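The values are calculated or read from the model by the stated rules, or taken from the named source; none is laboratory data. Keep in mind the model is a prediction, meaning the values are calculated, not measured. With ideal geometry, Cβ positions are generated from the backbone for all residues, glycine too; neighbour counts draw on all protein chains shown. Calculation scope for accessible area: heavy atoms of the full protein, side chains included, ligands and nucleic acids excluded. Shrake-Rupley method; radii C 1.70, N 1.55, O 1.52, S 1.80 Å.
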Amino acid sequence: MALNYTYDVRPAQQETALGAGIQILLLVLLGSAFGLGPAGWLTGLTFAFATWAVLSRALHRSGSKSFGPANRVTLGRATLVGGVTALVADSFESSPPVTLFVGLTAVALILDGVDGKVARRTGTCSTLGARFDMEVDAFLILVLSVYVSMSLGPWVLLIGGMRYAFVAAARVLPWLNAPLPPSTARKTVAALQGILLLVGASGYLPHTATQAVVALALGTLVWSFGRDILWLYRTSRPRTTPVASYADVEQQLRALVPAESMSR
C-alpha cells in the first residue's frame, strides 16, 4: 500500500519540481538581463527550493493524486513572487528596475483573483489549495512591506508581519484557531494590502501621498484583525448558566403552582 500511495502522489510532486525549475529559470532571466547580485540569487534560490520542499510535503501528507488547475495558477503566482523576492533582496545593494518590479507584482496580484475562480469552476476546491493561496499572498505582502519600509520606515513592517504574529499568538492562545465566518470586508482589506503597497513601492506618488496610502493599508488591516480577534474572543468565552438560589427557586414555584397547593 505504501508503494501505491507514493506512486499516486508522484505526478503532483513532479509538478512542484517543475514549478521550482521555472522559478530558477526566471532567476536566470533576471540575472542575465538585469544583473542580479549575490543576495538576489541566494534569496531567489532559497525561495524556489523552500517552496518545492514545503509544497511536496503538503501534497504527500494530503494524499492528493492531482495537483489541479487552480494550484497550477497559484504555483505560477508563487514563481512571480519568487522573482519579486529576489529583486527586493537585491535592492539592498542596488535599486531594482521599477517597471519590472511593478510588472511582476501586478501580475501576481491579478492572478490572486484567478485561482479561486478556477477552483470553483472546475470543482477542485481543497484545503491544501486554500492554504497554498493564503501563504503565497501573505509572503508577497511581507516582501512588499520590507521593500516599502526601506523608504518609509520600519513601521511598514507591521503590515507584512501582522498575519505571522497572529499565527504565532494562536499557538499560545488556542481560541484564535477557531474558524471565522465568511466576510466580504475581510477579503476586501486583504486584497487592498497588495495594491496599496504596490502603489507605495512604485515611487509614482509624492512622499507624503505614499505615506498616506501605506498608512491607509495599515489602518484597514489593524481594523480587520482587531474585529476578527474581538469576535473570536467573545465566541470563545464559556457561557455558563448561573446557579439559582433557594429563594429564586421558591419564587419560580410560586409563579407556577397555585398558592393553595404550596400551603398543603
Worksheet item: List pairs: first in region 13-40 and within 17 Å of SER56 (Cα to Cα), second open to solvent by 80 Å² or more (accessible area, probe 1.4 Å) and assigned to a loop (DSSP other than H, G, I, E, B), Cβ under 8 Å, 6+ apart or cross-chain?
Response: none
Fill in: Residues located in region 141-156, provided they are of a type in the set (S, T, N, Q) and more than 13 Å from ILE195 (Cα to Cα)
SER149, SER151
Worksheet item: Considering region 142-199 alone, what residues qualify as being of a type in the set (Ser, Thr, Tyr) and not in a helix (DSSP H, G or I)?
Response: SER183
Item to complete: Of all residues in region 81-110, count the ones that are modelled with pLDDT of 85 or more, open to solvent by 30 Å² or more (accessible area, probe 1.4 Å) and either among the hydroxyl-bearing types (Ser, Thr, Tyr) or within 15 Å of GLN14 (Cα to Cα) (or both).
Response: 1
Item to complete: Return the only residue of ALA78, ALA53, ALA70, ALA58 being surrounded by 14 or more Cβ atoms within 10 Å (Cβ to Cβ), more than 25 Å from ALA106 (Cβ to Cβ) and under 19 Å from the mean Cα position of the chain (by Cα).
Response: ALA58
Response to the item:
Checked against (1) touching a residue at least 24 places away in the same chain (Cβ under 8 Å); (2) open to solvent by less than 20 Å² (accessible area, probe 1.4 Å), GLY153 satisfies every condition except (1)
Item to complete: Mind listing whichever residues of region 204-218 are open to solvent by 60 Å² or more (accessible area, probe 1.4 Å) and either among the acidic types (Asp, Glu) or within 18 Å of VAL146 (Cβ to Cβ) (or both)?
Response: GLN211
Worksheet item: Looking at THR127, is it open to solvent by 70 Å² or more (accessible area, probe 1.4 Å), of a type outside the set (A, V, I, L, M), within 25 Å of GLY19 (Cα to Cα) and at pLDDT below 95?
Response: yes
Item to complete: Identify the residue in region 219-251 that is open to solvent by 80 Å² or more (accessible area, probe 1.4 Å) and not in a helix (DSSP H, G or I) and, among all such residues, is modelled with the highest pLDDT.
Response: ARG237
